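Visitor: Sharing a structure with you now.
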Amino acid sequence: MNAHNKNILNGLPGDDRGLAPGEARCPGRTVQDIIATDLHPAPDVLKQQSYRYLGSEDVPFARYTGKEFFAAELEQVWSKVWQWACRLEHIPQVGDYYVYEIGPYSILVVNTPKGIKAYHNSCLHRGTKLKPEEGMGSSDQLRCPFHGWTWSLEGELVSVPCAWDFPHAKPEEFKLPEVRVGLWGGFVFINLDENAENLESYLQELPEHFKDWDMEHRFTELHVAKELPCNWKAAVEAFLEAYHVIETHPQLLPGTNDANVQYDTYSQHITRFYSASGTSSPHLERPLSEQELVDAMLIGDRSMVNDELQVREGETARIVMARFLRKLMGEKYQVDLDHFSDAEIIDTIEYHVFPNMVLFPGLSLPMVYRFRPLGCDPDRSLFEILFLRPFAPGTERPEAPEVAMVKEEESYAVAEGLDPYLAHVYDQDTSNMRAQQQGFKAAKKQGETLGNYQEVRIRHFHKVLDGYLQQS
Ligand code: FES
Ligand SMILES: [Fe+2]
């Protein structure tokens, strides 16, 4: 690496090399350069790039701390957007339900004989929540725990104790008010706005991008949740860029192209990042050999290491690792992964669906994240991680696991089934949250200064948020 390049990587800004804002990129191989030499070529959707410069002005910290801003989000965003409430595996049978809570709102999603419906989780007698806690359960009817008013799964009032006292509660006027429901990719979405556009149009490019990534035939293998001492947007944003890898996760530098990750902004609700595995970080002093890269990519159980992981003449680390994981995961989950490209097997591909869903279609890091405010506190949020693994079409959908709760002060290592290496990465990610939220309030300079390229998804996120907040 020459001195000029080194200065761009870690130096002082100022040398714009005559480029327009947003045009500069880290020296080194791009994601597109890297995937171009794969044995099983990446699909067209991964060969696309979609970046647009969105400005360089600061984003005010008041957006993360202000009570008024938070109240506006509840009214103008959370009560207007499509958000996923649960997966189909949470409510596989008629009578199964899932309570999803967001700010002050509580939504009861129910599998009924007439399909999946959702209701406002509040009794029409004196308001008690019909199902008091977030999470999954099962019941034949929806019975209020206070006085026992009871509705059918389809929301018809079927029984009122001492009905003689309520001649004014006409059953036809006392159906449970419904919340809109939409299904996509095995996710059940809800929208509190009766006049919202339909889910399919809300998801914009997503269904087209995912047409060969069958999220419906995936199941939740592991579900981990942790409360974070920060605003929900700060929590989301910690996962929208790889710029923090060099400082927060230095152990990931071998085998990751952190500073050359590709960032894409699409329509209003969809952005993406694409990180190619099996390549050296441009921050490393010297590039790793292909065999060293394979060794660096091996996370988790090293007992499986064998001859299959030797890089042979003419092969790359990506080819070797993709072949290995294709076979290993295919056998473990009893699915045929032969039609997947090397990129889909080994790379970190991450979509953000506004406002709070982050979705990884790749097979070796197959997560979905959900970020929400906790109750009505702008300083706290809930971060959930679900690992979605494939299951063979025609076989029964595996049951959903209970949520593994990690306390705020605990390490992710307490979550049974979570790879210790990943637990450490999540500990690193969440360790900055309290300091950032407190720093927002301690600041003299009242806004964050974002990178034009690597942090463009954060800027895009705020622009879309503004669009919702400005609607009357
Ligand atoms: S509040 Fe629900 S039955 Fe009385
Ligand atoms: Fe991270």
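The values are calculated or read from the model by the stated rules, or taken from the named source; none is laboratory data. Here the structure is a predicted model, which is why all the values come from computation and not from measurement. All Cβ positions, glycine included, derive from the backbone under ideal geometry; neighbour counts span all protein chains shown.
For every residue, the table says whether it meets (1) farther than 30 Å from Ile91 by Cβ; (2) part of a helix (DSSP H, G or I); (3) of a type in the set (Phe, Trp, Tyr).
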residue	(1), (2), (3)
Met215	no, no, no
Phe219	no, no, yes
Glu227	no, no, no
Lys233	no, yes, no
Val236	no, yes, no
Pro282	yes, no, no
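Visitor: Also, quick follow-up: Residues of segment 362-379 being under 15 Å from the mean Cα position of the chain (by Cα) and of a type in the set (Ser, Thr, Tyr), which ones?
Guide: Scanning segment 362-379 gives a single hit, Tyr369.
Visitor: If I ask for residues that are within 30 Å of Ala343 (Cα to Cα) and in contact with a Lys or Arg (Cβ under 6 Å, 6 or more places away or on another chain), which ones from segment 47-103 would you list?
Guide: Matches in segment 47-103: Leu54, Glu89.
Visitor: For segment 208-221, does any single residue satisfy the condition of being surrounded by fewer than 20 Cβ atoms within 10 Å (Cβ to Cβ), within 14 Å of the chain's Cα centre (by Cα) and under 16 Å from Met357 (Cα atoms)?
Guide: Yes: one or more hits.
Visitor: Any idea which residue in segment 441-459 is farthest from Pro27 (Cα to Cα), counting only those that are touching a Lys or Arg at 6+ places or on another chain (Cβ under 9 Å) and either in a helix (DSSP H, G or I) or of a type in the set (Ser, Thr, Tyr) (or both)?
Guide: Ile458
Visitor: Now a separate question. Of the residues that make up segment 170-185, is at least one in contact with a Lys or Arg (Cβ under 8 Å, 6 or more places away or on another chain), within 22 Å of Gln268 (Cα to Cα) and not in a loop (DSSP other than H, G, I, E, B)?
Guide: Taking every residue of segment 170-185 in turn, at least one turns out to be in contact with a Lys or Arg (Cβ under 8 Å, 6 or more places away or on another chain), within 22 Å of Gln268 (Cα to Cα) and not in a loop (DSSP other than H, G, I, E, B).
Visitor: Follow-up. Any residue at all in segment 329-341 that's at pLDDT below 95, over 30 Å from Trp82 (Cα atoms), part of a helix (DSSP H, G or I) and of a type in the set (Val, Ile, Thr)?
Guide: Within segment 329-341 (the criterion being at pLDDT below 95, over 30 Å from Trp82 (Cα atoms), part of a helix (DSSP H, G or I) and of a type in the set (Val, Ile, Thr)), the answer is no, since none of the residues qualifies.
Visitor: Further question on the same structure: Among the numbered conditions (1) at pLDDT 95 or above; (2) more than 24 Å from Ile270 (Cβ to Cβ), tell me where Gly66 comes up short.
Guide: (1)
Visitor: Now for a separate question. Within segment 104-132, can you find the residues that are away from ligand 1 (no atom under 16 Å from the Cβ), assigned to a loop (DSSP other than H, G, I, E, B) and within 25 Å of Asp377 (Cβ to Cβ)? Before you say what the answer is, go through the steps one by one.
Guide: Narrowing segment 104-132 to residues away from ligand 1 (no atom under 16 Å from the Cβ): 104-105, 107, 109-118.
If we keep only those that are assigned to a loop (DSSP other than H, G, I, E, B) too, we end up with 104, 113-114.
Scanning segment 104-132 gives a single hit, Pro104.
Visitor: Would you point out the residue of segment 393-440, among those that are of a type in the set (D, E, K, R) and assigned to a helix (DSSP H, G or I), that is surrounded by the most Cβ atoms within 10 Å (Cβ to Cβ)? Steps first, please.
Guide: So in segment 393-440, the residues of a type in the set (D, E, K, R) come out as 396-397, 399, 402, 407-410, 416, 419, 427, 429, 434.
Pick out the ones that are also assigned to a helix (DSSP H, G or I) and you get 427, 429, 434.
Details: Asp427: 15, Asp429: 18, Arg434: 14.
Out of the qualifying residues, it is Asp429.
Visitor: Still on this structure, please answer the following. Report yes if Tyr453 is within 16 Å of ligand 2 (Cβ to nearest atom), in contact (Cβ under 8 Å) with a residue 40 or more places away in the chain, touching a Gly at 6+ places or on another chain (Cβ under 7 Å) and of a type outside the set (S, T, N, Q), otherwise no.
Guide: no
Visitor: Same structure again: Being more than 21 Å from Val403 (Cα to Cα) and polar (S, T, N, Q) is the filter here, so list the residues in segment 86-120 that pass it.
Guide: Passing the criteria: only Thr112.
Visitor: Would you tally the residues in segment 241-252 being within 10 Å of ligand 2 (Cβ to nearest atom) and either in contact with a strand residue (DSSP E or B) (Cβ under 8 Å, 6 or more places away or on another chain) or among the β-branched types (Val, Ile, Thr) (or both)?
Guide: Of the residues in segment 241-252, 4 are within 10 Å of ligand 2 (Cβ to nearest atom) and either in contact with a strand residue (DSSP E or B) (Cβ under 8 Å, 6 or more places away or on another chain) or among the β-branched types (Val, Ile, Thr) (or both).
Visitor: I need every pair where a residue in segment 139-157 that is farther than 17 Å from Gly115 by Cβ and in a strand (DSSP E or B) has its Cβ under 8 Å from the Cβ of a residue that is aromatic (Phe, Trp, Tyr) and more than 15 Å from ligand 1 (Cβ to nearest atom), sequence separation at least 6 or different chains.
Guide: Pairs found: none.
Visitor: Can you list residue pairs whose Cβ atoms sit under 7 Å apart, with the first residue in segment 123-136 being over 16 Å from Glu173 (Cβ atoms) and the second being aliphatic (A, V, I, L, M) and within 12 Å of ligand 1 (Cβ to nearest atom)? Count only pairs 6 or more apart in sequence or on different chains.
Guide: From segment 123-136, the pairs are Leu130/Leu142.
Visitor: If you don't mind, there's one more thing I want to ask. Is there a residue being surrounded by fewer than 19 Cβ atoms within 10 Å (Cβ to Cβ) and of a type in the set (A, V, I, L, M) anywhere in segment 256-277?
Guide: No - not one qualifying residue is present in segment 256-277.
Visitor: Can you pull out the residues in segment 189-212 that are in a loop (DSSP other than H, G, I, E, B), closer than 26 Å to Leu363 by Cβ and not polar (S, T, N, Q)? Quick ask: steps written out before the conclusion?
Guide: Keep residues of segment 189-212 that are in a loop (DSSP other than H, G, I, E, B), which gives 192-198, 203-205, 210-212.
From what's left, closer than 26 Å to Leu363 by Cβ: 203-205, 210-212.
Answer for segment 189-212, where residues must be in a loop (DSSP other than H, G, I, E, B), closer than 26 Å to Leu363 by Cβ and not polar (S, T, N, Q): Leu203, Glu205, Phe210, Lys211, Asp212.
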